[in-house]
Every structure is written in structure tokens, then in C-alpha cells.
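Worksheet: one structure, shown below.
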């Protein structure tokens, strides 16, 4: 379900009440833990947390460098943690910590799927969001680009 909303407020208003409450709760955790320098915006039909183009314009697709995102999909909601997939160690550490919470580990390529916020270890989501500064994400991106 890709939204055509141009603002976060508009996106949230489109959601059914139960999903809006869940997305707002996860959004609050993200915003409370988001390092300085990232911006919240609408991109790719979802709420994104990204490096502004003014800070890092050298992206392959001329779009802001996405760190995380939050979306309501057709059959689930998802928090996208693309920052942890920049490092095999970070991804494995996240997976181990997630499984240790006892919550169902339902993940995709860079997303954690959930149907209600009780499905998510919100503390771990917050820690994960707080774990990478803008400078770190840019450095990892540059390193990956240099390997190509």
C-alpha cells in the first residue's frame, strides 16, 4: 500500500484508527531516539528518516539517503531499519537481541513486520535507531560505493 501523502500528518490521517495509533507509537520511539541531523519526511510512500540532500547530495538516485522508515502495508505494518543492513555484524547483533526478547522475529530484507506494537521490542527499536549517527551512515555509504 503505497501512499500518495505528501506530509506525515496527511499520511497518518489516511490510516485506520488502530493502525494510526500503532504507527504513531513506533514513530514516537523513533523520533525520541533519532540522532541529530536526520530529518523526518515522506518519501517512497512512507514516513522516512533520512539524511537531507543538502547534507549529502551525492546519492546514486538523487534521493535522500534513507536511514529508517515506517509504513502501513496491505497485510502488516513495518519499520525499515536499513541502517543495520550496512554491516553484517550490526544485522546479526540486532537479530540476536531481537530473538532474545522472545517476540516473533518477522523480518524482510530491511524491515521488521508487525501487526500491533506488542509484537515489537520497542526498546530495541529505539536502541537501533540511536546506534548510528549521520556521519556513520554517510561513511558506510561511501565505503560501499568505493567497493563498486
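Taken together, the values in this text are just the output of simple stated rules run on the coordinates, not laboratory data. Computed from a predicted structure; not experimentally measured. For neighbour counting, all protein chains shown are included, and Cβ atoms are generated from backbone atoms with ideal geometry for every residue, glycine included.
May I ask you to give the average projected area over all directions of the convex hull of the Cα atoms of segment 8-147, in nm² rounded to one decimal?
On the way: hull surface 33.3 nm².
Over every viewing direction, the Cα hull of segment 8-147 projects on average to 8.3 nm².
Can you work out the FRET efficiency for the pair residue 142 and residue 18, with r the C-beta to C-beta distance and R0 = 35 Å, to the nearest 0.05?
0.30
For the chain, set up a Gaussian network in which alpha carbons nearer than 10 Å are linked by springs, and say which option among 43, 33, 75 fluctuates the most.
Top of the fluctuation ranking is 75.
Suppose the Debye formula is applied to equal point scatterers at every Cα of segment 1-63; what is log10 I(q)/I(0) at q = 0.16, 0.23, 0.25 Å⁻¹?
-0.59, -1.04, -1.13
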